[in-house]
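A quick write-up on the structure given underneath.
The values are calculated or read from the model by the stated rules, or taken from the named source; none is laboratory data. Quick caveat, the model's predicted, so the values are computed rather than measured. All Cβ positions, even for glycine, are placed from backbone atoms using ideal geometry, and neighbour counts span all protein chains on display. Surface accessibility is based on the protein's heavy atoms, side chains included, excluding ligands, DNA and RNA. Shrake-Rupley method; radii C 1.70, N 1.55, O 1.52, S 1.80 Å.
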Amino acid sequence: MREAIFRTRITDLLGIRHPILCGGMGPRVSDARYVAAVVNAGGMGFIVAAGHESTDAFADELRLCRELTGGKPFGVNLYVSRRPGSVEALQAIIPLLADHGVSCVETAGANPAELIPPLREAGIRIIHKAPGVRYALTAQRMGVDAVIVVGYECGGHPGTKLVGTMVQAAHAPQVIDIPVVVAGGVGTGRQLAAALAMGADAVLMGTRMLVSEELWIHPDHKARLAAADGTESIIIKTLLRDHHRVLDNPGARAVLALEAQGVTEYEAYRNLISGVHTHAGYRSGDIGKGAYDWGQSAIFAGETKPVAAIFDELLDDAVAAMDRMQGVRL
Ligand SMILES: Cc1cc2nc3c(=O)[nH]c(=O)nc-3n(C[C@H](O)[C@H](O)[C@H](O)COP(=O)(O)O)c2cc1C
């Protein structure tokens with residue numbers, strides 16, 4: 001593992017070497033092997049709790065991750081949906097997380113308030129991912145340990161206000177007291193250096209990491225990312241107030257067509273955005289059906305490499321950016 005270059009409140013809080021987090025990716029994309037590679041490279045990764053065939057299958061992933069990381073801290077993503085029963089289902093798995101040595105969670109989606117007391121009791125750190133400073137402030141008031149503020153450019157859910165990462169990265173550390181992680185469009189070390197310079201404590205990435213060698217998704221998907229110019233994503237489900245940045249493919253176009261007709265019943269969309277199609281597409285490389293989270297940072301993806309090599313590249317680039325700053329300072 002590359003030696004530490006930075007020490008921030010996030011590296012201290014999570015017990016990690018580099019201020020680099022890799023966000024949870026579903027359905028079952030960020031699995032134990034990928035998360036372990038992130039952790040072993042000195043960052044923090046999150047296995048997505050949702051979407052496993054059974055609780056036992058999820059427990060197997062946790063066990064494998066613990067084994068592959070040799071007891072280093074690793075995380076789980078808890079996505080709180082607005083569906084009835086979502087919070088209760090997540091509450092029910094907290095003992096399982098504790099039993100398997102999960103050290104922190106990345107909460108996302110709807111309000112995580114009811115998860116905070118049981119997570120605290122289990123000794124698990126809570127980092128809430130919010131698509132905007134105002135929601136991050138609410139999470140701070142609720143008592144989370146840190147926040148991830150994710151901007152418009154991100155793969156996945158940018159929220160409904162669509163403020164860019166550059167604005168939020170400058171604003172969030174000014175008004176938030178707990179550690180701040182910047183996300184959305186991040187894929188280079190110069191962005192890491194800039195985020196730290198703006199007062200943040202770490203960055204979090206999703207899309208850029210999809211080309212990681214340790215990630216199981218089909219090589220054709222990785223090749224598409226390597227060829228990306230950053231313009232191939234679109235935001236769907238705005239009519240449902242569930243904005244979602246995904247790869248522009250026939251499935252996403254079909255969603256936009258329904259939105260153009262003013263269809264607001266979720267059922268009409270279910271088959272188009274089903275995680276089943278998406279998971280199958282990641283396996284086969286055939287991405288016609290399904291909704292593939294894909295951010296503008298695809299432009300930084302490049303060739304397939306081990307996570308540790310990606311981190312090396314990032315850290316070298318961050319150091320070069322800091323040297324450049326020295327060079328322009330009078
Ligand atoms: C393929 C993929 C799947 C994702 N799935 C989830 C998820 O299940 N839950 C979640 O909270 N965030 C999910 N995200 C969002 C990431 O955790 C992260 O917030 C986002 O990718 C950051 O923006 P970036 O893609 O520009 O780096 C996903 C992102 C990608 C690229």
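Go through the range 267-303 and give me each residue that's more than 15 Å from the ligand (Cβ to nearest atom) and outside any helix (DSSP H, G or I).
Within the range 267-303, 286, 288, 289, 303 qualify.
Being farther than 18 Å from residue 78 by Cβ and either modelled with pLDDT under 95 or open to solvent by less than 40 Å² (accessible area, probe 1.4 Å) (or both) is the filter here; which residues of the range 122-139 pass it?
132, 133
If you take the residues of the range 75-96 that are more than 16 Å from the ligand (Cβ to nearest atom) and at pLDDT 95 or above, which of them is farthest from residue 42 (Cα to Cα)?
By that ranking, first place goes to 88.
Based on what the data block shows, is residue 148 β-branched (Val, Ile, Thr), open to solvent by less than 10 Å² (accessible area, probe 1.4 Å) and touching a residue at least 60 places away in the same chain (Cβ under 8 Å)?
So residue 148 passes the test.
If the requirement is being within 15 Å of the ligand (Cβ to nearest atom) and in contact (Cβ under 8 Å) with a residue 24 or more places away in the chain, which of these qualifies: 198, 205, 166? Give the derivation first.
Working: 198 fails: within 15 Å of the ligand (Cβ to nearest atom); 166 fails: in contact (Cβ under 8 Å) with a residue 24 or more places away in the chain.
On inspection, the qualifying residue turns out to be 205.
Looking at the structure I just gave you, is residue 102 surrounded by 19 or more Cβ atoms within 10 Å (Cβ to Cβ) and within 14 Å of the ligand (Cβ to nearest atom)? Walk me through it before giving the result.
Details: surrounded by 19 or more Cβ atoms within 10 Å (Cβ to Cβ): yes; within 14 Å of the ligand (Cβ to nearest atom): no.
No: the conditions fail for residue 102.
Between 282, 266, 292, which is open to solvent by less than 30 Å² (accessible area, probe 1.4 Å), at negative phi and either out of contact with any strand residue (DSSP E or B) (no Cβ under 8 Å at 6 or more places or on another chain) or without any contact (Cβ under 8 Å) to a residue 12 or more places away in the chain (or both)?
282
Quick one: would you say residue 229 is open to solvent by 30 Å² or more (accessible area, probe 1.4 Å) and either touching a helix residue (DSSP H, G or I) at 6+ places or on another chain (Cβ under 7 Å) or part of a helix (DSSP H, G or I) (or both)? Give the derivation first.
On the way: open to solvent by 30 Å² or more (accessible area, probe 1.4 Å): yes; either touching a helix residue (DSSP H, G or I) at 6+ places or on another chain (Cβ under 7 Å) or part of a helix (DSSP H, G or I) (or both): yes.
Against the criterion (open to solvent by 30 Å² or more (accessible area, probe 1.4 Å) and either touching a helix residue (DSSP H, G or I) at 6+ places or on another chain (Cβ under 7 Å) or part of a helix (DSSP H, G or I) (or both)), residue 229 qualifies.
So residue 119 clears everything in (1) open to solvent by less than 10 Å² (accessible area, probe 1.4 Å); (2) aliphatic (A, V, I, L, M); (3) within 15 Å of the ligand (Cβ to nearest atom) except one condition, right? Which one?
Answer for residue 119: the failing condition is (3).
Does residue 71 meet the test of being modelled with pLDDT under 95 and more than 14 Å from the ligand (Cβ to nearest atom)?
Against the criterion (modelled with pLDDT under 95 and more than 14 Å from the ligand (Cβ to nearest atom)), residue 71 qualifies.
So which residues in the range 105-115 are open to solvent by less than 10 Å² (accessible area, probe 1.4 Å) and in contact with a Ser or Thr (Cβ under 9 Å, 6 or more places away or on another chain)?
Listed by number, the list holds a single entry, 115.
Between 214, 232, which is in contact (Cβ under 8 Å) with a residue 40 or more places away in the chain and closer than 20 Å to residue 16 by Cα?
214
Tally up the residues in the range 244-261 that are in contact with a Lys or Arg (Cβ under 6 Å, 6 or more places away or on another chain) and not in a strand (DSSP E or B), please. Step through it out loud before you land on a result.
Kept after step one, since they are in contact with a Lys or Arg (Cβ under 6 Å, 6 or more places away or on another chain), are these residues of the range 244-261: 244, 251.
Then drop every residue that is not not in a strand (DSSP E or B), which leaves 251.
The total comes to 1.
Inspect all residues belonging to the range 169-184 and state whether any of them is touching a Ser or Thr at 6+ places or on another chain (Cβ under 6 Å) and buried (at least 18 other Cβ atoms within 10 Å of the Cβ). Break it down into steps so the answer makes sense when it comes.
Residues of the range 169-184 touching a Ser or Thr at 6+ places or on another chain (Cβ under 6 Å): 184.
Keeping just the survivors that are buried (at least 18 other Cβ atoms within 10 Å of the Cβ) gives 184.
Yes: one or more hits.
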